[in-house]
Amino acid sequence: MDRNIEIRQALEMKEGVGADVKRIMPIQGFMNFDPFLLWDHFDVKPGTGFPDHPHRGFEGLTYIFEGSMNHTDNLGNSTTVTPGGAQRFTAGRGLVHSEMPSPEGNTRGIQLWINLPKRLKKIKPAYQQVNAVDIPEKMIDKGKVRTIVGDNSPLKLHTDVSYKDVHLEEGGSFEENLVDGHRGFIYIVDGKVTVNDNSIGSGEALFFDSADTLNVSTDESCRFMVCVGTPWNEPVVQHGPFVD
């Protein structure tokens, strides 16, 4: 049984220094979807990117589809994430970092922000990188599922979240039984799918407040992200890179 389903189209805009993003949130009229604060499907050309900037009060994940992204921060970290890999920063009480793309070819992927509860807003900032080889991958009939966060993934958050990258071939299907109290969304990277009798395509996201099971099917090759988690049910004060 599904309740409170909504489909939203990503807005194309510029972010950082010349980076192209398809943004689901925050946008006017739809700032966040507790516990999720930001969703950017980015396409970054050489010479553009995200130079030094501050953050506070949340955790951020960058997952790379193609190209690479170099992360540096004021904690002394300097690492490069390549396709299929991810990096997580816990901004906590404050962090300054940069994310700059490969000098050759475009870098594409997803950046996701997840709120921290009031009791954790002032924790010590931290950083974690997980390479592609360490992200669990499971083959399913006519497809594969990569678990970025959740199950046996080594990437850890302070929020109960499941985050998956799903590839399906023509005629493929994916089913997920949801934990009671979880809410979230499915974002289509490429192709078209049907989710519990709702049709959505590239650059669209289907949000759900509650559902027992997600049933996804497709008539063509496609790629989509499934992101669900437990809301904190606390007021969110979100202003630019700071979330109090």
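Odds and ends about this structure:
- Segment 113-136: number of residues that are in a helix (DSSP H, G or I), open to solvent by less than 40 Å² (accessible area, probe 1.4 Å) and farther than 22 Å from T230 by Cα: 1
- Against the test of being aliphatic (A, V, I, L, M), touching a residue at least 24 places away in the same chain (Cβ under 8 Å) and more than 19 Å from I188 (Cβ to Cβ), the options L95, L38 yield a single qualifying residue, L95.
- If you go through segment 148-195 and keep only what is hydroxyl-bearing (S, T, Y) and surrounded by fewer than 21 Cβ atoms within 10 Å (Cβ to Cβ), you end up with S153, T159, S162, S173, T194.
- The set of residues from segment 69-100 being open to solvent by less than 40 Å² (accessible area, probe 1.4 Å) and either at pLDDT below 95 or not in a strand (DSSP E or B) (or both) comprises G84, G85, A91, G92, G94.
- Cross-chain or 6+ apart pairs with Cβ under 9 Å, segment 125-138 first and farther than 16 Å from H158 by Cα, then hydroxyl-bearing (S, T, Y) and open to solvent by 40 Å² or more (accessible area, probe 1.4 Å): N131/T82; A132/T82
- The one condition in (1) without any contact (Cβ under 8 Å) to a residue 40 or more places away in the chain; (2) among the hydroxyl-bearing types (S, T, Y); (3) closer than 17 Å to N32 by Cα that S210 fails to fulfil: (1)
- Conditions (1) more than 29 Å from G191 (Cα to Cα); (2) without any contact (Cβ under 8 Å) to a residue 60 or more places away in the chain; (3) in contact with an Asp or Glu (Cβ under 8 Å, 6 or more places away or on another chain); (4) hydroxyl-bearing (S, T, Y); number of the one not met by S78: (3)
- Entry remark, segment 179-215: residues being closer than 15 Å to R8 by Cα and assigned to a strand (DSSP E or B) number 20 in total.
- Some residue of segment 218-236 being open to solvent by 10 Å² or more (accessible area, probe 1.4 Å), within 20 Å of F42 (Cβ to Cβ) and outside any strand (DSSP E or B): no
The values are calculated or read from the model by the stated rules, or taken from the named source; none is laboratory data. Keep in mind the model is a prediction, meaning the values are calculated, not measured. So basically every Cβ, Gly included, is an ideal-geometry build from the backbone, and we count neighbours across all protein chains shown. Side chains included, ligands, DNA and RNA excluded: accessible areas come from the protein's heavy atoms. Shrake-Rupley method; radii C 1.70, N 1.55, O 1.52, S 1.80 Å.
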